[in-house]
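What follows is one structure encoded as structure tokens, with my remarks underneath.
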Amino acid sequence: MPNLAEIERFEKADLAQEQANDVSAQAVNMSQSAAKMVQTGSLRMSQSAVNSGWAEEVEAHISAISLAEAEQIHVARSAVVAARANTVKMDGSGAAVVMAETAELNNTASGVVAATTVNTTGSRSLFLLAHTVNGPVETVLDTRGVLLTGLSVGIAVGLIFILRSLTRRRE
């Protein structure tokens, strides 16, 4: 595979079985490729990997993304470490962190989901923070549970610091 050091800001960049450091174009199509950083209007990925992606729209199929920041993100059978967008749609995928205005999660596993509206079918999440949840979701802690856990941990840490400062004064 060729190792491309940097692809300048072209109208369109097509990467097929290539590795690139920085890719910047109006539209980027990746197939069986990898890139460290992608800045684009439209990013389409198939069996590819991106470390950091900034775009207006991200579409990934059987791919991996460390960080994706966009207006719209749609991933299918893919893995995402962190996704931040106005709209995130995930089908049969996994994500560590999802932050969005609207999140649509179908048969998806996630760590933390923070969204105004979550539409879900057959999904699981460790922590779910949402104003509105439509559909069934298996979660360890919902919005109320997350708030109570945060409050409890905060009080416990505060008490530890108070006790520690009291014991130091006596010495």
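Quick one: is Ser42 polar (S, T, N, Q), in a strand (DSSP E or B) and open to solvent by less than 40 Å² (accessible area, probe 1.4 Å)? Working first, answer last.
On the way: polar (S, T, N, Q): yes; in a strand (DSSP E or B): yes; open to solvent by less than 40 Å² (accessible area, probe 1.4 Å): yes.
Answer is yes for this residue.
With respect to Ser52, determine if the residue is of a type outside the set (Asp, Glu) and farther than 22 Å from Ser123 by Cβ.
Details: of a type outside the set (Asp, Glu): yes; farther than 22 Å from Ser123 by Cβ: yes.
When the stated conditions are applied, Ser52 passes them.
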Pairs where the first residue, in the range 3-26, is closer than 17 Å to Glu57 by Cβ and small (Gly, Ala, Ser) and the second is exposed (fewer than 13 other Cβ atoms within 10 Å of the Cβ) and modelled with pLDDT of 65 or more, C-beta under 8 Å, 6+ apart: Ala25/Glu11; Ala25/Lys12
Residue count for the range 122-157, restricted to those that are of a type in the set (A, V, I, L, M) and in contact with a strand residue (DSSP E or B) (Cβ under 6 Å, 6 or more places away or on another chain): 9
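Looking at the range 52-143, what strands (runs of 3 or more DSSP E) fall wholly within it and have at least 2 residues that are open to solvent by 10 Å² or more (accessible area, probe 1.4 Å) and acidic (Asp, Glu)? Please lay out each step first, then the result.
Values: elements: 64-76, 79-91, 94-106, 109-121, 123-134, 137-141.
Filter on the range 52-143 gives 64-76, 94-106.
Here are Ala60, Ala70, Ala49: which of them is of a type outside the set (Lys, Arg) and closer than 20 Å to Asn107 by Cα? Before the answer, list the steps.
Values: Ala70 fails: closer than 20 Å to Asn107 by Cα; Ala49 fails: closer than 20 Å to Asn107 by Cα.
Unique residue meeting the criteria: Ala60.
The values are calculated or read from the model by the stated rules, or taken from the named source; none is laboratory data. No experiment lies behind these values; they were computed from the predicted model shown. FYI the Cβ positions are ideal-geometry reconstructions off the backbone, even for glycines, and counts take in every protein chain you see. Quick note on the areas: whole protein, heavy atoms, side chains included, nothing else; ligands and nucleic acids left out. Shrake-Rupley method; radii C 1.70, N 1.55, O 1.52, S 1.80 Å.
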